[in-house]
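Down below is the structure, laid out as structure tokens.
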Amino acid sequence: MARRLAAIMYTDLVGYTASAQADEAAALSRLREQERIVRPLFKPFGGREIKSTGDGFLVEFESALKATECAIQIQSRMRDRNSKSPASPILLRIGIHIGDVEEVGGDIFGDSVNIAARLLPISDPGGICLSEQIVDQVRNKLNFPLERLAPRLLKGVRDPLVAYRLVLPGTEPEHPPERPSIPRLAVLPLANISPDPKDDYFADGLTEELISVLSKIRGLRVIARTSVARYKGSAKPIAEIGDELGVTSVLEGSVRKSGNQLRISVQLIDVHSEEHRWAEIYDRKLENIFAIQAEVAERTASAMKLEVLGSDRSAVRERPTSNLAAYDLYLRGIQASRRFSPGVGQHLHPGQDATAYFEEAIQQDPRFSAAHSSLANHLLAIGGVTQEGKEASAKARQHVDRALEIDPRSSDAHTARGNLLMQVDFDWSSAEAEFRQALEINPSDSTAHFWYRSLLTVLQRYSEAKDELEEILELDPLWFLAKRSGVILLALKGDWDEAVRLAEGLVESVRGEPHDELESLSLLAWVYAYVGRPLDAERVDRQIRHPTDPASQLAHAVFRAWLGKREGVSASLAAWERREKSEYRSPLVVVQAYAQTGRIEDALSHLEQDIRNGETYFWAHYQLPYLDPIRDDPRFLGALEHFHLPTTQAWHRPALGTREKGSHRTGGRDHAAHDSGGHPRGPLES
């Protein structure tokens, strides 16, 4: 049966399991009584009982309003019943959501069903919890008020869930809604109100520095720069931003820099009440910048009822450098490094390269550890893109060593060393130790979590990698790259429906952003094909305007060949071969093309030549399904051994077409990614 839109209602008998353990006969009697009251109420409101869940029901409705009215009637009948038998009340929880469902064998499946079930635990006993989508359709049509609940991060649901409580008579909660156990803070980009617009770098850099300082406070989770950057200049209300980021508090403010004089205005706002928890204006000299950062961090922690003690206090108050000229260059380097996009291989805006800024900062203060580690991380990002890979990694290694010599507690430096060990040395165990050390120093370091997750995925430790992915998305919920690579991880792990849901959500989240939209559509086409939905894959692929350079065309042809559409791959391969005849510099996409066209010997010879020529990114591509035709060959296994990669994985694949139109997961794994412009990327490539 095709997918359809439906309102889904779950009911649950509160305390049934515990009462059955105490007195099974009495509990069963109450269960049967609630069934006699509830079941006859479905049909008058157009409800169709899908199944009994043991101590509740799953019911489908055509209308959000009808589902809600049915729930109100159920709770009204229960109140009448309980008023007559107050000694043995029957209390139900009800959760309602609306969305697409698919029927299989008389049962219904889909994200909407899962979300409706997740609403039950946050519903009051005797109450009704509605998703935001239901409320959008029933608002102003009910005689009862709606109370918006704090956003919840629920298991299996990608983003913080916004839900509402229908305030019925007698359902006032005994306690206010629970907030996340660990306080979560977002530092919004500080506004630059300096006379010189070119001082924007200072406001951006100071924002990032505040995030870094605050993340050193244990017991506080600070949203990473990647997610907050999109709110620069935004007029969105604080409550809306807080919902999107899943935070309890927001720090915002402005910076005015004039010569050696600073005015920094900051305020901490409670997301739920939108009240100021504290606010301050600092009129200071530039040399007081580190003292201001420390005071902001300590006052924020105090307002959030956190104590800054011992090593945390020392870390917060630490001066990274005493040379203000070096610090200014460092902030300029941070802004310049953010303008670089490895996805397009260029700087998005003109200006001096971050490398030069960091190098100048180090010349000003050779003991500036943060400048060394930032330069190392930037070199690793541009290696193989705008700078030769071996040269960039050798230089990065020198600066990592120097950064750790100066400051052994630098999480950035440990992350950079982990990347060197992983991507250059293929020393997976030592790399893991470095990433774990970085996270021990700074649990809020989303970049360290990202690369640690990447390593776990390479080593096929998928369950551990998924745990890291969940941590990343809590710290950096809007990070495009993390979500993109997360889709691939979920596919590798075999969580097909989650992979599709995350990919579909990613497409929606980047509408209007050409580069990210291109990447997300390409990924969605791939994941549809991966889970056995080739018709959906082709539909999405037709929406994409693929780049016309030979590499992109060849990569797209490989994807089409994997789908069974081999026309074009030979011509694309021939065009690439003509281009490369005078110089050997072949990416793995050529190996994939040979493999997909049945030229097995050419594929293996090319792979071996790549490795002899210094190929270092095989680790990021080896799980691609495009390589399946050569996967069992001893020469391919030799390549795995060369990079110290697993050689014993059982490769289970769904057959293309077996899950068309989103049929329910039946098991299996796959191993690939496909980025914008058809460039194939390994599951970990940034």
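Given segment 94-149, what strands (runs of 3 or more DSSP E) lie entirely inside it while holding 3 or more residues that are modelled with pLDDT under 85? Talk me through it step by step, then tell me what you get.
Details: elements: 107-109, 128-131, 146-148.
Because the criterion is at least 3 residues that are modelled with pLDDT under 85, the strands (runs of 3 or more DSSP E) in segment 94-149 that meet it are 146-148.
Of these, Ser76, Ser83, which one is at pLDDT below 90 and under 26 Å from Pro145 (Cα atoms)?
Sole residue among the options that is at pLDDT below 90 and under 26 Å from Pro145 (Cα atoms): Ser83.
Please work out if Asp80 is part of a loop (DSSP other than H, G, I, E, B) and of a type outside the set (Ser, Thr, Tyr). Please lay out each step first, then the result.
Values: part of a loop (DSSP other than H, G, I, E, B): no; of a type outside the set (Ser, Thr, Tyr): yes.
Judged against the criteria, Asp80 is not a match.
Specify which of the listed residues (Lys483, Lys466) is buried (at least 23 other Cβ atoms within 10 Å of the Cβ), modelled with pLDDT of 90 or more and out of contact with any His (no Cβ under 7 Å at 6 or more places or on another chain). Steps first, please.
Working: Lys466 fails: buried (at least 23 other Cβ atoms within 10 Å of the Cβ).
Only one candidate qualifies: Lys483.
Inspect all residues belonging to segment 209-225 and state whether any of them is of a type in the set (Ser, Thr, Tyr) and more than 21 Å from the chain's Cα centre (by Cα).
The initial filter retains those residues of segment 209-225 that are of a type in the set (Ser, Thr, Tyr), namely 212, 215.
Going one step further and asking which of them are more than 21 Å from the chain's Cα centre (by Cα), we end up with none.
There is no residue in segment 209-225 that is of a type in the set (Ser, Thr, Tyr) and more than 21 Å from the chain's Cα centre (by Cα).
Kindly provide the set of residues from segment 591-610 that are surrounded by fewer than 22 Cβ atoms within 10 Å (Cβ to Cβ), of a type in the set (Val, Ile, Thr) and closer than 25 Å to Ile488 by Cα, ordered by number.
Of everything in segment 591-610, just one residue is surrounded by fewer than 22 Cβ atoms within 10 Å (Cβ to Cβ), of a type in the set (Val, Ile, Thr) and closer than 25 Å to Ile488 by Cα, namely Thr597.
Could you check segment 176-291 for strands (runs of 3 or more DSSP E) lying wholly inside it with 1 or more residues that are farther than 29 Å from Val162 by Cα?
Values: elements: 184-187, 249-258, 261-270, 276-285.
Ranges flagged: 249-258, 261-270, 276-285.
If Leu535 meets every condition in (1) of a type in the set (A, V, I, L, M, F, W, C); (2) surrounded by 20 or more Cβ atoms within 10 Å (Cβ to Cβ); (3) modelled with pLDDT of 85 or more apart from one, which number is that one?
Leu535 satisfies every listed condition except (2).
Could you run through segment 415-438 and say how many residues are aliphatic (A, V, I, L, M) and surrounded by fewer than 19 Cβ atoms within 10 Å (Cβ to Cβ)? Please lay out each step first, then the result.
Step one: of segment 415-438, the residues aliphatic (A, V, I, L, M) are 416, 420-422, 424, 431, 433, 438.
With surrounded by fewer than 19 Cβ atoms within 10 Å (Cβ to Cβ) added as a condition, the list becomes 433.
Selection size over segment 415-438: 1.
Listed here are the residues, each with its yes/no results for (1) modelled with pLDDT of 90 or more; (2) in contact with a helix residue (DSSP H, G or I) (Cβ under 7 Å, 6 or more places away or on another chain); (3) under 17 Å from Ile74 (Cα atoms).
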| residue | (1), (2), (3) |
| --- | --- |
| Gly15 | no, no, no |
| Gln21 | no, no, no |
| Ala27 | no, yes, no |
| Glu35 | yes, no, yes |
| Phe42 | yes, yes, yes |
| Phe45 | yes, yes, yes |
| Arg48 | yes, no, yes |
| Val59 | yes, no, yes |
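Yes/no per residue for (1) crowded, with 24+ Cβ neighbours inside 10 Å; (2) modelled with pLDDT under 85:
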{"position": "Val487", "(1), (2)": "yes, no"}
{"position": "Val500", "(1), (2)": "yes, no"}
{"position": "Gly505", "(1), (2)": "no, no"}
{"position": "Gly512", "(1), (2)": "no, yes"}
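Could you list, ordered by first residue, the pairs with Cβ atoms under 7 Å in which the first is in segment 484-504 and in contact (Cβ under 8 Å) with a residue 60 or more places away in the chain and the second is assigned to a helix (DSSP H, G or I) and of a type in the set (Asp, Glu), at least 6 apart or interchain?
Within 7 Å, the pairs are Arg484/Glu519; Arg501/Asp111.
Evaluate the following for Thr616: is it in a loop (DSSP other than H, G, I, E, B), touching a residue at least 40 places away in the same chain (Cβ under 8 Å) and β-branched (Val, Ile, Thr)? Can you show your working first?
On the way: in a loop (DSSP other than H, G, I, E, B): yes; touching a residue at least 40 places away in the same chain (Cβ under 8 Å): yes; β-branched (Val, Ile, Thr): yes.
Spelling it out, Thr616 is indeed in a loop (DSSP other than H, G, I, E, B), touching a residue at least 40 places away in the same chain (Cβ under 8 Å) and β-branched (Val, Ile, Thr).
Looking only at segment 24-77, count how many residues are loosely packed, with under 15 Cβ neighbours inside 10 Å, among the polar types (S, T, N, Q) and outside any helix (DSSP H, G or I).
Summing the residues that are loosely packed, with under 15 Cβ neighbours inside 10 Å, among the polar types (S, T, N, Q) and outside any helix (DSSP H, G or I) in segment 24-77 gives 2.
Consider only pairs whose beta carbons are under 7 Å apart and that are at least six residues apart or on different chains; among these, list those whose first residue lies in segment 471-483 and is on the phi < 0 side of the Ramachandran plot and whose second residue is among the polar types (S, T, N, Q) and in a loop (DSSP other than H, G, I, E, B).
Leu475/Ser444; Leu481/Ser686
The values are calculated or read from the model by the stated rules, or taken from the named source; none is laboratory data. Quick caveat, the model's predicted, so the values are computed rather than measured. We place every Cβ from the backbone using ideal geometry, glycine too, and count neighbours over all the protein chains shown.
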